[in-house]
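The values are calculated or read from the model by the stated rules, or taken from the named source; none is laboratory data. Fair warning: this is a prediction, and the values are worked out from it, not measured in the lab. Virtual Cβ from ideal backbone geometry, glycine too; neighbours counted across all protein chains shown. Side chains are part of the model used for accessible areas, which takes the heavy atoms of the whole protein and leaves out ligands, DNA and RNA. Shrake-Rupley method; radii C 1.70, N 1.55, O 1.52, S 1.80 Å.
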Amino acid sequence: MSEIQALVDALSGLPRARPAGPAEAEVLLARLRSAAARWADILYEAREGVREQVPPRAEAALTLAFRRAEESYVELEIALRDCADHRDPAV
């Protein structure tokens with residue numbers, strides 16, 4: 001459960017205010033991507049840990065939750081790559 005607490009702490013530490021500019025927005029996206037990766041890892045491990053102990057629909061639900069978390073990570077990776085591609089070279 002320490003992984004879950006670490007994720008909660010990471011999410012709790014996110015700024016509540018809007019980013020002041022593109023650089024702060026990129027930092028926020030990077031932190032969100034990191035949290036999404038942690039969440040996907042937690043769900044994967046949970047699914048593997050209970051696979052033979054839960055009914056088929058529960059296992060399917062965990063699999064779907066993992067896939068959605070993984071998709072969130074990928075989408076945030078794409079967003080970060082786009083930020084990097086459009087970053088002002090003078091910065």
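Could you report the chain's accessible area per residue, 1.4 Å probe, as an integer in Å²?
Details: 6800 Å² over 91 residues.
Normalised by residue count, the accessible surface of the chain is 75 Å².
If you average 1/r across every pair of different Cα atoms in the range 19-91 and take the reciprocal, what Kirkwood value do you get, in Å?
About 13.8 Å for the range 19-91.
Once the Cα atoms are used to define both axes, helix 22-50 deviates from the longest principal axis of the chain by about 10 degrees.
Can you compute the FRET efficiency between residue 81 and residue 5 using 1/(1 + (r/R0)^6), with r the Cβ-Cβ distance and R0 = 30 Å? Round to the nearest 0.05. That gives a FRET efficiency of 0.50. For the options 34, 12, 72, a Gaussian network treatment of the chain with springs between C-alpha atoms closer than 10 Å singles out 12 as fluctuating the most. What residues from the range 1-39 fall in the zone where the backbone N is under 16 Å from a label point 7 Å along the Cα-to-C-beta line of residue 54? 1, 4, 39, by backbone N distance to the label point. Between residue 31 and residue 64, the FRET efficiency from the beta-carbon distance, with R0 = 35 Å, is close to 0.90.
The angle between the Cα long axis of helix 56-85 and the main principal axis of the chain comes to about 10°, on a 0 to 90 degree scale. For the chain, the longest principal axis of the C-alpha atoms and the axis of helix 2-12 are separated by about 30°. GNM remark for the chain: springs join alpha carbons under 10 Å apart, and the peak mean-square fluctuation among 11, 76, 43 falls on 11.
Rolling a 1.4 angstrom probe over the range 26-91 with all protein chains present gives an accessible area of which 54% lies on carbon and sulfur atoms. For the chain, averaging the sequence separation of C-alpha pairs within contact (under 8 Å, six or more residues apart) and dividing by the residue count gives a relative contact order of 34 percent. Helix content alone sets the calculated 222 nm mean residue ellipticity of the chain: runs of n ≥ 4 DSSP H residues at -39500 (n - 2.57) each, divided across all residues, give -27000 deg cm²/dmol.
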